[in-house]
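A quick write-up on the structure given underneath.
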Amino acid sequence: MTGIRWRAIIFGLSADFLATISAGLILSTAAGLILLFRGRPLSEIRELHFEPPFLAVLLVSMVGATFLGGYVAARTAGAAHLPHGIVMGLLSLLVGKLLTTATYPVWFDSLATWLALPAAVAGALLVKARAGHQPS
C-alpha cells in the first residue's frame, strides 16, 4: 500500500499493545483487590474476569488502547492520517484475534470486533483535526 509509513503503523500497534497490557495488569490487580475486600479467595479471579461489569470495563480499556494506537500511528506518520488509522485498526484487530486465548461471551466479542476499527480511525481523525488547527 503506497503512502503508508510502516514505522508509524508499528508505533501505533506498539502503543495499542502496551496500553492493552497495562490496562490488563491494572484491571487484574483491581479484580484481586475486589475479591480480597469481598472476602473471596483469589482463586475466583477467573470467574470475576468474566462477570459483565468487569467485561464492560475491559472493553472500554481495549477500545481506548486501540484509539491510542490509531492516534500514535497517525501522529507518527504526520500525513495520510486516515489511512494510517485504518491500517493500524485492521492490524490491531487481526493481532488481537490471533493472540486471544479466552472464549468471551458473544456480546463482548462482537462489540470488541466492531469497535476496533472505529476506535483507531477516531484516534487518527483526532490527529487530523488537531493538525488542521495548528497556527501557521
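If only one of A77, A65, A102 is buried (at least 17 other Cβ atoms within 10 Å of the Cβ) and over 14 Å from the mean Cα position of the chain (by Cα), which one is it? Please lay out each step first, then the result.
Details: A65 fails: over 14 Å from the mean Cα position of the chain (by Cα); A102 fails: buried (at least 17 other Cβ atoms within 10 Å of the Cβ).
Going through A77, A65, A102 in turn, the sole match is A77.
So which residues in region 3-26 are open to solvent by less than 70 Å² (accessible area, probe 1.4 Å) and either more than 27 Å from L125 (Cβ to Cβ) or among the small types (G, A, S) (or both), if there are any at all? Steps first, answer last, please.
Step one: list which residues in region 3-26 are open to solvent by less than 70 Å² (accessible area, probe 1.4 Å), which gives 3-4, 8-9, 12-16, 19-20, 22-24.
Within region 3-26, G3, A8, G12, S14, A15, A19, S22, A23, G24 meet the criteria.
In region 41-58, how many residues are open to solvent by 40 Å² or more (accessible area, probe 1.4 Å) and either of a type in the set (S, T, N, Q) or touching a helix residue (DSSP H, G or I) at 6+ places or on another chain (Cβ under 8 Å) (or both)?
7
If I filter region 105-136 down to residues being open to solvent by 60 Å² or more (accessible area, probe 1.4 Å) and among the aromatic types (F, W, Y), which single residue comes out as nearest to the chain's Cα centre (by Cα)?
Result: W114.
Give the residues of region 103-112 that are in contact with a helix residue (DSSP H, G or I) (Cβ under 8 Å, 6 or more places away or on another chain) and not in a helix (DSSP H, G or I), sorted by residue number. So that I can check it myself, show each step before the final result.
Within region 103-112, the subset in contact with a helix residue (DSSP H, G or I) (Cβ under 8 Å, 6 or more places away or on another chain) is 104-105, 108, 111-112.
Scanning region 103-112 gives Y104, P105.
The values are calculated or read from the model by the stated rules, or taken from the named source; none is laboratory data. Just so it is clear, the structure is predicted and the values come from calculations on it, not from any experiment. All Cβ positions, glycine included, derive from the backbone under ideal geometry; neighbour counts span all protein chains shown. All accessible areas refer to the heavy atoms of the entire protein, side chains included, with ligands and DNA or RNA removed. Shrake-Rupley method; radii C 1.70, N 1.55, O 1.52, S 1.80 Å.
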